[in-house]
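Colleague: Below: one structure in structure tokens.
The values are calculated or read from the model by the stated rules, or taken from the named source; none is laboratory data. For clarity, every value in this text was computed on a predicted model and none was experimentally measured. Here the Cβ is made from the backbone with ideal geometry for all residues, glycine too, and neighbour counts use every protein chain on show. SASA here: full protein model, heavy atoms, side chains in, ligands and nucleic acids out. Shrake-Rupley method; radii C 1.70, N 1.55, O 1.52, S 1.80 Å.
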Amino acid sequence: MTLPRALLAMEPRFKDDLFGPDELDRLTRLVDVDPGLVVSDFADVPELAAAEVLVTCWGCPPVDASVLRRAPGLRAVVHVAGTVKSLITDACWERGIAVSSGAATNALPVAEYTVAAILFAGKRVLGIRDLYRTQRRALDWAAHFPSLGNYRRTVGIIGASHIGRRVLDLLRPFDLELLINDPYLDETAAAALGARPVGLDELLAASDVVSVHAPALLETRHLLDARRLGLLSDGATLINTARGSLVDMEALTKELASGRIDAVLDVTEPEILPADSPLYDLPNVLLTPHVAGSVGGELRRLAHSALDELERYTRGLPFAHAVRADTIGRSA
């Protein structure tokens, strides 16, 4: 059987993180590919002319009309990462290229991080840590933190994305009231996720913890502005593992500097805050450098998912994680 010809398109440094010996062995059994050839620029790549499948990841340039003219046989793109917005163009949809994304696979570590942050927020871990560090003795922790505990706390999820849905699924075993806000989700669909749909303002005002999982679109920029951040109750925790642009950082910094609310921020705007940003040092802020998604050994999960998709393609089956032209505009 003739294997489909494939080409790896990504920053070369990611190839070894994604594909170990076992993964490379399976890759070369599924497609005709040179594992030593990894391109991050489609210029002067003669192998493009014979490619039927692109296996892409971070650093892949856009697959535009000029690229497609030099790849007459290209039929599929398997992206070993989340969003494909930076590489899939209208020209791809016009040709009918099948596109698969690892967004659903990448949702798991982000959801795990988020659930850990939600549960730690309910236990008031940041505040208790600092007080215990200074006092170094037994205290009546509930007296110092009247809202301590997770039982029947209200958690609000903004966005029923891959990650938002996975978070809701992982929260099912806990005794929490779950709220959801998503303009494309009706009451029946929300109930199936174990949550109650509410307006965004109501969610912000009612929730002890708010977690952001909406896509970064023009209409969602600064979705949480000064007014909406002001709706959060005193002592509430805001978690953002989505995109920094969804929150007005200037307004959020003011709220956090006041000590009125807490935050767990894996993403910010800009992506790396200035060295003098107070968010690095505020005791009510847990700031991490965009590590909630697949990192380290978790990258192999993305590779395994992509290999599963390649196997489906070689068997003539549709992708399990296909990206559709009619929904990409409102996805992350």
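Colleague: Can you give the extra length, in nm with one decimal, that the chain gains between R69 and L217 once fully stretched, where that is 0.36 nm per residue apart less the Cα-Cα distance?
Modeller: That pair, R69 and L217, stretches by 50.3 nm at full extension.
Colleague: How much of the accessible area of the chain, in percent, comes from carbon and sulfur atoms when a 1.4 Å probe is used?
Modeller: 53 percent
Colleague: Right, next: I need two numbers for the stretch 1-70: Rg to one decimal and Dmax as a whole number, Cα atoms only, in Å.
Modeller: Spelled out, the Cα radius of gyration and Dmax of the stretch 1-70 are 11.9, 35 Å.
Colleague: Based on a Kirkwood Rh over C-alpha pairs, give the Stokes-Einstein translational diffusion coefficient of the stretch 224-288 at 25 °C and viscosity 0.890 mPa s in µm²/s.
Modeller: Value of D from the Cα-based Kirkwood radius: 211 µm²/s.
Colleague: Note down, for the stretch 277-328, the three equivalent ellipsoid semi-axes (square root of 5 times each alpha carbon gyration tensor eigenvalue), biggest first, whole angstrom.
Modeller: Taking √(5λ) for each eigenvalue gives 38, 16, 6 Å, largest first.
Colleague: Enumerate the calculated ³J(HN,Hα) couplings along the stretch 119-125 in order (Karplus 6.51 cos²θ - 1.76 cosθ + 1.60, θ = phi - 60°), each rounded to whole Hz, writing x wherever the residue is Gly or Pro.
Modeller: 5, 5, 4, x, 7, 6, 4
Colleague: Sticking with this one: Could you tell me what percent of the DSSP beta bridges with both partners in the chain are antiparallel, to the nearest 5?
Modeller: Just about 0 percent of them are antiparallel.
Colleague: Report, to the nearest 10°, how far helix 21-30 tilts away from the longest principal axis of the Cα atoms in the chain, using its own Cα long axis and a range of 0 to 90°.
Modeller: Long axis of 21-30 versus the principal axis of the chain: about 50 degrees.
Colleague: A further question follows. Stretched out fully, how many nm does the piece from D16 to R330 gain, at 0.36 nm a residue minus the Cα gap?
Modeller: 109.8 nm
Colleague: Compute the whole-percent fraction of alpha carbon pairs in the chain spaced more than 34 Å apart.
Modeller: Roughly 33 percent, rounded to a whole number.
Colleague: What does the net charge come to around I163 if you take all other residues with beta carbon closer than 11 Å to its beta carbon, with K and R at +1 and D and E at -1?
Modeller: Around I163, the surrounding residues sum to 0.
Colleague: Please compute the Cα-Cα pair-distance distribution of the stretch 1-155 with 5 Å bins starting at 0, giving whole percents from short to long.
Modeller: Pairs per bin, as whole percents: 2, 8, 14, 15, 13, 8, 5, 5, 6, 7, 7, 5, 3, 2, 0.
Colleague: Can you work out the Karplus-derived ³J(HN,Hα) for every residue in the stretch 112-118? Use 6.51 cos²θ - 1.76 cosθ + 1.60 with θ = phi - 60°, whole Hz, and x for glycine or proline.
Modeller: Per-residue couplings from phi come out as 4, 4, 5, 5, 4, 5, 4 Hz.
Colleague: Any idea of the accessible area per residue across the chain, 1.4 Å probe, to the nearest Å²?
Modeller: Working: 15820 Å² over 332 residues.
So the chain comes to 48 Å² accessible per residue, rounded to a whole number.
Colleague: Okay, moving on. Give the Rg (one decimal place) followed by the Dmax (whole number) of the stretch 1-41, computed from C-alpha coordinates and expressed in Å.
Modeller: In order Rg, Dmax, the Cα atoms of the stretch 1-41 give 10.3, 32 Å.
Colleague: A further question on this structure: What GluC sites (Glu not before Pro) does the stretch 223-332 have in DSSP loop regions with at most 16 other beta carbons within 10 Å?
Modeller: The qualifying sites are E271.
Colleague: Then there's this: Which order do peptides 114-126, 183-195 fall in by mean Cβ count within 10 Å, highest first?
Modeller: Values: 114-126: 20.4, 183-195: 14.2.
In descending order of packing, they fall as 114-126, 183-195.
Colleague: On a 0 to 90 degree scale, rounded to 10, what angle separates helix 249-258 from the longest Cα axis of the chain?
Modeller: Between the helix axis and the principal axis of the chain, the angle is about 30 degrees.
Colleague: Using amide H atoms built in the peptide plane, which far-off residues or other-chain residues are under 5 Å from L176 H to H?
Modeller: Result for L176 returns R152.
Colleague: Another question, if that's okay. Could you give me the ³J(HN,Hα) list for the stretch 291-304, computed from phi with Karplus coefficients 6.51, -1.76, 1.60 and θ = phi - 60°, whole Hz, x at Gly and Pro?
Modeller: Residue by residue, the stretch 291-304 yields 10, 5, x, 5, 9, x, x, 5, 5, 5, 4, 4, 5, 5 Hz.
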